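To start, the structure itself, in structure tokens.
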Amino acid sequence: MERFGNSLKFGLIAGVILMTISILTYAFKIDQSNMMLSFLMAIIMYGVLIAFTIIVMSKARSEYEDYSYGKGFLVGFVMLLVAFYLSAIYSFIFDSYIDPDYTIQTLNKTIETLESNAMISVEMIDQIYEDMVESIKPTNILVKNLWVSPIISAVMSAIIALFIRKKKEIE
């Protein structure tokens, strides 16, 4: 458990930063239906996660003599999972209790944007809306996050651990 102390601490910090970004996005009424802004927000959030993963793996590499790719992977995986789960729980609370209408309003803005595109048929837009209404329910989002987060955490940690490894000394 001692080996994962930094992972838990940095995972909590990263999760709080992700929550803060979400709160600021909401407070400043940043339009989540705007694809460019959504893309920028995703880059910022994943940038935070990557930076914290590099930090926690680098700390583990310098602190532990027996550091290896596998140990680096686990340290990063735990950190990312904590951050993702904390963010998922916050999103569930926000979508269920703080502003239950926010997600549906964002969906409606997205549909309005799609309707202005002459290349997309009304039937296709109706189908997109029906599919999205079911998938944006807070419980559905939480369940999806609970099983997707470990997969994303594993992939990200595996890739980052390749770069944060202990160099073998040549004798």
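The values are calculated or read from the model by the stated rules, or taken from the named source; none is laboratory data. On a predicted model such as this, the values are computed, not experimentally measured, just so you know. In this analysis, Cβ positions are derived from the backbone assuming ideal geometry, glycine residues included, and neighbour counts consider all displayed protein chains.
Can you name every residue in the range 26-45 that is touching a helix residue (DSSP H, G or I) at 6+ places or on another chain (Cβ under 8 Å) and at pLDDT 95 or above?
Across the range 26-45, the qualifying residues are Ile44, Met45.
Taking the condition under 17 Å from the mean Cα position of the chain (by Cα), surrounded by fewer than 18 Cβ atoms within 10 Å (Cβ to Cβ) and closer than 24 Å to Thr139 by Cβ, does Val16 pass? I'd like the intermediate steps shown before the answer.
Working: under 17 Å from the mean Cα position of the chain (by Cα): yes; surrounded by fewer than 18 Cβ atoms within 10 Å (Cβ to Cβ): yes; closer than 24 Å to Thr139 by Cβ: yes.
Here the answer is yes, as Val16 does meet what is asked.
Looking at (1) farther than 25 Å from Thr103 by Cα; (2) surrounded by fewer than 17 Cβ atoms within 10 Å (Cβ to Cβ), which is the one condition that is false for Ile21?
Unmet condition: (1).
Tell me, please, whether a residue that is assigned to a helix (DSSP H, G or I) and under 22 Å from Ile152 (Cα atoms) can be found in the range 28-35. First the steps, then the outcome.
So the first thing to find is which residues in the range 28-35 are assigned to a helix (DSSP H, G or I), and the list is 35.
Remaining after also requiring under 22 Å from Ile152 (Cα atoms): 35.
Looking through the range 28-35, at least one residue is assigned to a helix (DSSP H, G or I) and under 22 Å from Ile152 (Cα atoms).
Within the range 24-60, track down each residue that is surrounded by 13 or more Cβ atoms within 10 Å (Cβ to Cβ) and within 18 Å of Thr103 (Cα to Cα).
If the condition is that a residue be surrounded by 13 or more Cβ atoms within 10 Å (Cβ to Cβ) and within 18 Å of Thr103 (Cα to Cα), then Thr25, Tyr26, Ile30, Asp31, Gln32, Ser33, Asn34, Leu37, Ser38, Met41 are the ones that fit.
State whether the residues of the range 89-105 include one that is under 23 Å from Met35 (Cβ atoms), within 23 Å of the chain's Cα centre (by Cα), among the small types (Gly, Ala, Ser) and surrounded by 17 or more Cβ atoms within 10 Å (Cβ to Cβ). Even if it seems obvious, please write down each step before you answer.
Going residue by residue through the range 89-105, those that are under 23 Å from Met35 (Cβ atoms) are 91, 94-95, 99, 101-105.
Okay, now just the ones that are also within 23 Å of the chain's Cα centre (by Cα), so 91, 94-95, 99, 101-105.
Applying the additional criterion that residues be among the small types (Gly, Ala, Ser) yields 91.
Narrowing further to those that are surrounded by 17 or more Cβ atoms within 10 Å (Cβ to Cβ): 91.
Yes, there is a match, as at least one residue in the range 89-105 is under 23 Å from Met35 (Cβ atoms), within 23 Å of the chain's Cα centre (by Cα), among the small types (Gly, Ala, Ser) and surrounded by 17 or more Cβ atoms within 10 Å (Cβ to Cβ).
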